[in-house]
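For reference, the structure is listed below as structure tokens.
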Amino acid sequence: KVKVAICGLPNVGKSTLFNAIAQRSIANSQNFPFCTIEPNVTPIPIPDPNLEPLAKIASSKKAVPGTISLVDVAGLVKGASRGEGLGNKFLATVRECDVIVHVVRSYIDDDIIHVDGKVDPVADAEVINLELLLADLAHVQRRLEKNSCPDDEREVLSKIEAALEEGKLARSIGLTETETFLIKSMGLLSLKPVIYAFNVDDIDYFLNRDEVLDKVKDYMNQIQYCDLEIDSYMLTSAKFESELGLLDAEERSEYVASFIGEDDSNVLEQLSYHILPLLVKDILNLSLVYTGPGVPVERSQTIKTHVISSGISALGLAGKLHGEIQRGFMRAEVTEAKDMLMYNNYNEARDAGNVRTEGKDYVLQNNDIILIKWK
Ligand code: GDP
């Protein structure tokens, strides 16, 4: 399961953003009935225009979208890496995540106190970045002190230690896949890609968008301990998104229209609820694959999207579905979503020669539809 940590200084809008997204997820939750929603973890569906049409073709009663888990990590403050403000506990939560959404306060509101007394997005981002870096340094050094640390791991960690001491991030030093694997369980924070979410006021979000985006690009160039090749950014208006969450669809369009003078559903598609999962998918190079095309058709209850990392085999996916399916794996039938969408049902696609047979080592590709045969 892909986990995304929302981090940032206090009062930057993390919980507001999290709640706005959670509310939308709950409102749509008939789509993912097996997800329980915990107070600080919420599933966000990855927008996927293929899913509903595929569900129709497969005569599925249910279409379950692929989701990523968003985790609200409260309370990172200056000194967190030394345990300040329960820092260790919060950093441990971030270690278990795959990517960091770093919320940066870029709105001005004199009623809401800023921890350092003024709104300064670049300085704020650097406070958190430095804590993440220092936390890694301490974590790596503790591990290196242990005699039980194997030599090959030690070699990689020493390299990272030297980089961190120079203010370089673990994700910026070009570790090989093997090296990354050796230190995976450390959960190094500076190895995780970051998406900066610049939280702006609704007015700026709508009416000064271009200007604000220029400013944000400027911030990105200034922020220290950031890797412009790997990291990414987005504009958000957490407060606006949370206000939208209280409205039904019609009211929502009207509310948006009240800002921009017309009903523009594109604006709604730009909200974090839609953009964030897409950014995460791109940044982590994730693929969507579908299971549950119906053969026979009446058996097809659910079509489900799985979010997988690149390189996963058919057998690997079988294991995610069920241990028994993996053990009994015989072969897989594979089609591409775009091919399947040309037919009325699965059998038609197969008769037309668009379904091929693959073995357990087949590496799944984005948008594959897979039907596993097992005994
Ligand atoms: P957290 O500590 O980072 O989780 O911050 P919260 O989400 O609790 O937000 C702190 C305060 O800032 C709350 O009162 C929010 O309503 C307010 N807030 C969040 N986002 C915005 C925004 O875009 N504009 C304004 N004016 N206030 C915001």
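The values are calculated or read from the model by the stated rules, or taken from the named source; none is laboratory data. What you see is a predicted model; the values in this text were computed from it and never measured. Cβ atoms come from the backbone with ideal geometry, glycine included; neighbour counts cover every protein chain shown.
For the range 4-19: of the residues being within 18 Å of the chain's Cα centre (by Cα) and β-branched (Val, Ile, Thr), which is nearest to the ligand (Cβ to nearest atom)? My answer is THR16.
Could you tell me whether the range 121-138 includes any residue that is in a loop (DSSP other than H, G, I, E, B) and touching a helix residue (DSSP H, G or I) at 6+ places or on another chain (Cβ under 7 Å)? There is no residue in the range 121-138 that is in a loop (DSSP other than H, G, I, E, B) and touching a helix residue (DSSP H, G or I) at 6+ places or on another chain (Cβ under 7 Å).
Determine whether GLU250 is farther than 30 Å from GLY311 by Cβ and surrounded by 13 or more Cβ atoms within 10 Å (Cβ to Cβ). Considered against the rule, which asks whether it is farther than 30 Å from GLY311 by Cβ and surrounded by 13 or more Cβ atoms within 10 Å (Cβ to Cβ), GLU250 comes out as no. Restricting to the range 83-114, count the residues that are within 15 Å of the ligand (Cβ to nearest atom), under 24 Å from VAL4 (Cα atoms) and either in a loop (DSSP other than H, G, I, E, B) or at pLDDT 80 or above (or both). Qualifying residue count for the region: 11.
Taking every residue in the range 163-186 that is assigned by TED's automatic domain parsing to the domain that holds ALA138 and pairing it with any residue that is among the aromatic types (Phe, Trp, Tyr) and not in a helix (DSSP H, G or I), at least 6 positions away or on another chain, the pairs with Cβ-Cβ distances below 8 Å are GLY167/TYR225; LEU169/TYR225. Against the test of being at pLDDT 75 or above, within 16 Å of the ligand (Cβ to nearest atom), assigned to a loop (DSSP other than H, G, I, E, B) and among the charged types (D, E, K, R), the options LYS78, LYS1 yield a single qualifying residue, LYS78.
Quick check, is SER185 within 21 Å of the chain's Cα centre (by Cα) and surrounded by fewer than 21 Cβ atoms within 10 Å (Cβ to Cβ)? So SER185 passes the test. Hey, any hits in the range 229-240 for a residue that's surrounded by fewer than 19 Cβ atoms within 10 Å (Cβ to Cβ) and assigned to a loop (DSSP other than H, G, I, E, B)? Yes, that holds for at least one residue.
State the number of residues belonging to the range 143-166 that are surrounded by 11 or more Cβ atoms within 10 Å (Cβ to Cβ) and not hydrophobic (A, V, I, L, M, F, W, C). Show your work before the answer.
Looking only at the range 143-166, we keep the residues that are surrounded by 11 or more Cβ atoms within 10 Å (Cβ to Cβ), and these are 143-144, 149, 152-165.
Now narrow it down to the ones that are not hydrophobic (A, V, I, L, M, F, W, C): 143, 152-155, 158-159, 161, 165.
Residues meeting the conditions: 9.
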